[in-house]
Amino acid sequence: MRAFEHFPNLVAMFFTRAEQLGDAPFLWRKQDGMWRSQSWTETARQVATLATALRAQGIQPGERVMLVSENRPEFCVADLAIMAAGAVSVPTYTTNTPRDHGHVMQDSGAAAVIVSTARLARALMPAVIASNTVRLVIGIEPLRPIQNENIALFQWDDVMERYEDDGMATPQACAAAVTASRDDLACLIYTSGTGGAPRGVQQHHGAILTNVEGCADIIASDFGWEDEIFLSFLPLSHSYEHSAGQFFPIGMGAQIYYAEGLDKLAANIEEARPTIMVVVPRLFEVLRTRVIKAIEKQGRFPNMLLEQALRIGAMRAAGQKLKPWDKALDLLLERTIRPKVRARFGGRIKALVSGGAPLNPEVGNFFSALGLTLLQGYGQTEAGPVISVTRPKTGLKMDTVGTPLKNVEVRIADDGEILVRGEIVMHGYWRNPAESARALQEGWLHTGDIGEYDEGGRIRITDRKKDLIVNDKGENVSPQRIEGMLTLQEEIAQAMVSGDKRPYLVGLLVPDGEWMASWARARGVPADLATLRDDPAFHAALREAVDRVNAEVTVTERVRQFIVADEPFSIENQMLTPSIKIRRHVIRDTYQPRLDALYKA
């Protein structure tokens with residue numbers, strides 16, 4: 001097995017790989033319909049030049065620099081350059097409002113901002129102008145001038161040209177000047193705020209390096225460490241993509257393709273042909289629905305193959321031995337349906353790694369049955385963020401999140417809470433000692449998640465401590481489990497259940513757009529949610545979906561009544577975080593009176 005080196009900081013890891021790989025392709029973007037690469041050597045030169053520019057413009061060690069950019073090569077360059085200059089990177093969501101940017105800017109005390117486009121700058125600049133800390137703004141693409149004598153504005157290309165001949169703007173000189181230790185702060189990652197204002201998680205170099213080393217250990221031992229290719233599409237401002245979609249590939253000496261956007265993701269996957277993809281459960285749920293619908297249109301034989309693939313997959317998941325005729329059928333599936341599904345993912349995927357939110361076991365088993373290796377990771381921004389991952393060597397049980405990474409300790413407290421200890425644990429929340437003291441106790445991170453170990457030593461998450469619904473009888477209900485089952489129905493795209501201190505559960509449903517259009521077309525009525533959500537027949541059709549779920553759960557878990565949402569949950573209406581988790585407190589603020597009214601109906 002290939003050994004992974006012990007690096008003193010993230011910048012040293014990058015410059016080591018750049019020196020080893022030289023002119024080999026590293027970062028890929030699509031321009032004018034063609035994928036174009038940027039080498040390790042060129043990226044190292046740009047990192048050194050930008051780091052030199054930041055220092056020359058007065059950025060001091062330990063100062064914070066905000067980075068507001070979509071996924072692109074310049075994000076990687078800027079992130080590394082900030083750290084190489086001795087500063088602290090603050091990756092920030094591109095979907096932030098001016099108020100959100102203002103909160104991050106004020107809380108972090110940012111001294112500088114790097115922003116990618118004029119469009120993103122429109123939401124950012126009001127916060128910059130109002131700030132009393134920002135002294136420098138760099139636009140990756142041209143920005144409008146700022147009428148503020150206290151803030152210097154530079155364009156990316158001008159900065160690169162101005163400092164490229166500086167004696168410190170070489171990879172060797174820049175690498176030699178970096179003195180950060182594993183214990184030093186690398187970045188502030190602001191949590192996406194499912195329960196309130198985002199908090200800055202202090203991730204040190206060692207936390208992310210431990211994540212990289214632990215993930216590399218899994219790939220090397222379970223799959224073989226070769227010429228890996230990643231496709232980056234989750235927001236790099238999220239700790240999951242920041243560590244697993246950027247620094248993990250750097251550590252592996254891998255190539256990174258930057259997707260053009262979610263709308264072109266399917267085409268980008270087939271073009272980039274990644275070997276490893278970091279994804280969120282929602283993507284799998286959408287792809288599962290699309291695969292099923294595509295096969296349904298192909299006729300009886302493909303549908304029979306799908307049924308058999310799922311049957312055999314269920315037997316494997318349950319640890320049952322295949323009978324001789326099942327083995328023969330399995331060989332047929334390997335030559336018919338499975339290659340077609342793999343081709344949709346480029347044809348050379350080693351592993352799809354799901355994280356960021358719980359994965360419904362049914363979804364995981366579906367893709368495993370169709371020949372894809374699907375790993376489920378568990379973690380938190382406060383822990384690097386990866387804590388554990390399922391792996392083939394210990395058995396891919398989809399109702400678990402695997403075993404802890406190398407050099408990570410996990411124990412279950414008396415009340416069931418998952419506790420984590422090791423170098424991956426954050427140094428606390430930025431300027432928030434009270435919350436830090438609550439999360440970090442006697443060296444252990446209190447995750448707020450409830451879990452247990454199974455008989456194979458794998459962690460099973462049973463719920464989020466603060467999200468548990470306790471009904472009026474004192475019985476605990478996992479809302480995420482019920483919501484996951486609801487959204488597996490073709491009629492339902494999104495759901496939230498409620499019922500704390502109440503006699504039973506009620507639900508808020510967002511109908512699936514394609515299903516709603518088909519239902520409306522069959523009845524000759526407009527596919528307008530505002531009209532249909534109060535239509536008795538439409539409500540009855542959704543009731544059938546809810547009843548299917550109710551038939552599979554306990555009496556306590558059944559959803560007795562529901563309402564239809566006014567609109568889908570989205571990042572724009574603040575009901576989803578950028579990592580596609582629902583913001584329960586925001587949704588409740590809008591719908592709680594209507595949900596409460598269901599108990600009076």
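Throughout, read-outs are computed from the coordinates displayed, never taken from laboratory work. Not measured: the values here are computed from a predicted model. As a convention, Cβ positions derive from the backbone with ideal geometry for all residues, glycine included, and neighbour counts pool all protein chains shown.
When the listed pairs LYS297/LYS600; LYS350/LYS406; LYS501/LYS581 are checked against a 32 Å cut-off, the alpha-carbon distance exceeds it for LYS297/LYS600. Close amide H pairs (under 5 Å, H built 1.01 Å from N) link HIS427 with GLN202, HIS204, residues at least 5 positions away or on another chain.
For the stretch 197-232, the residues whose backbone nitrogen is under 14 Å from a point 7 Å from the Cα of ASP183, taken along Cα to Cβ, are 204-207. Phi angles of the stretch 389-395 translate, via the Karplus equation with coefficients 6.51, -1.76, 1.60 and θ = phi - 60°, into HN-Hα couplings of 8, 5, 8, x, 5, 9, x Hz per residue; Gly and Pro are given as x.
Farthest towards the positive end of the charge dipole of the chain, among the residues ALA309, PRO235, TYR591, is the Cα of ALA309, using unit charges on the Cβ of Lys, Arg, Asp and Glu. Helix 98-108 and the longest principal axis of the Cα set of the chain meet at an angle near 60°. Axis angle, to the nearest 10 degrees, between helix 536-550 and the longest C-alpha principal axis of the chain: 80 degrees.
Largest first, the extents of the alpha carbon coordinates of the stretch 468-597 on the three principal axes equal 47, 33, 26 Å. Assuming charge only on the beta carbon of Lys and Arg (+1) and of Asp and Glu (-1), the dipole of the chain about its Cα centre is about 1420 debye to the nearest 20.
Rounded to the nearest 0.05, the FRET efficiency derived from the C-beta distance between ASP23 and ASN132 at R0 = 41 Å is 0.35. Close amide-amide hydrogen proximity is noted between ILE387 and TYR378, GLY379, GLN380, each under 5 Å apart and 5 or more residues distant or on a separate chain (H modeled in the peptide plane; Pro and chain starts excluded). Between helix 300-317 and the chain there is an angle of about 70 degrees, using the helix long axis and the longest principal axis of the Cα atoms. Toward the positive end of the charge dipole of the stretch 468-597, with +1 on the Cβ of Lys and Arg and -1 on the Cβ of Asp and Glu, the farthest Cα among LEU576, GLN480, LEU529 is that of GLN480. Straight-line cross-link reach from LYS340 at under 18 Å between alpha-carbon atoms covers these aspartates and glutamates, not counting any fewer than eight positions away in the same chain: GLU270, GLU271, GLU296, GLU307, ASP330.
Scanning residues 5 or more positions from ARG64 or on other chains, those with amide H under 5 Å from its amide H are VAL88, ALA111, with H placed 1.01 Å from N in the peptide plane.
Mean separation of Cα pairs under 8 Å and 6+ residues apart, divided by the residue count of the chain: what relative contact order is that in percent?
Relative contact order comes out at 11 percent.
Here ARG300 and GLN172 are evaluated by their C-beta separation; at R0 = 60 Å the FRET efficiency comes out at 0.40. Across the stretch 288-296, rounded Karplus estimates of 3J(HN,Hα) from the backbone phi angles (6.51 cos²θ - 1.76 cosθ + 1.60, θ = phi - 60°) give 4, 4, 5, 5, 4, 5, 5, 6, 4 Hz, Gly and Pro being marked x. Which lysines have a Cα less than 17 Å from the Cα of LYS264, not counting those fewer than 8 places away in the same chain? Result set, ordered by chain and number: LYS30. Placing unit charges on the Cβ atoms only, positive for Lys and Arg and negative for Asp and Glu, gives the stretch 10-252 a dipole magnitude near 820 debye about its Cα centre. Applying the Karplus relation 6.51 cos²θ - 1.76 cosθ + 1.60 with θ = phi - 60° to the stretch 238-246 yields 3J(HN,Hα) values of 8, 4, 4, 6, 4, 7, 7, x, 10 Hz, where x marks Gly and Pro.
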